[in-house]
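The values are calculated or read from the model by the stated rules, or taken from the named source; none is laboratory data. A quick note: this is a predicted structure, and the numbers were derived from the prediction, not measured. So basically every Cβ, Gly included, is an ideal-geometry build from the backbone, and we count neighbours across all protein chains shown.
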Amino acid sequence: MLLAELVATSAAVAATRSRVAKRDLLATLLRRCEPGEIEVVVAYASGATPQRRTGIGWRTLAAAPAPAAESTLD
């Protein structure tokens, strides 16, 4: 599932006052999800983001290299 699909569905849900239309939009979105995506899609659609441990602490961040002096992606 692309994030753009989730965003489009969210915008469509916000744009309608009909509870039935909202239900149908969300049901269609969930039917299109792969089984492993459902938990994340439901979390994002409900306005929450799944919080997981990243394993990155302050010590790792303090040891990060300095920013590049200039852009190299041109």
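Here is how the numbers come out for the structure above:
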{"read-out": "Sole exception among (1) surrounded by 12 or more Cβ atoms within 10 Å (Cβ to Cβ); (2) under 12 Å from the mean Cα position of the chain (by Cα) for P50, by number", "value": "(1)"}
{"read-out": "Hey, T54 assigned to a helix (DSSP H, G or I), without any contact (Cβ under 8 Å) to a residue 40 or more places away in the chain and hydroxyl-bearing (S, T, Y) or not", "value": "no"}
{"read-out": "Filtered residues of region 32-47 (kept if outside any loop (DSSP other than H, G, I, E, B) and over 15 Å from the mean Cα position of the chain (by Cα))", "value": "P35"}
{"read-out": "Number of the condition not met by I56 [criteria: (1) out of contact with any helix residue (DSSP H, G or I) (no Cβ under 8 Å at 6 or more places or on another chain); (2) surrounded by 13 or more Cβ atoms within 10 Å (Cβ to Cβ); (3) at pLDDT below 95; (4) among the aliphatic types (A, V, I, L, M)]", "value": "(2)"}
{"read-out": "Residue, nearest to the chain's Cα centre (by Cα), within region 1-31, restricted to residues that are surrounded by 12 or more Cβ atoms within 10 Å (Cβ to Cβ) and not in a helix (DSSP H, G or I)", "value": "M1"}
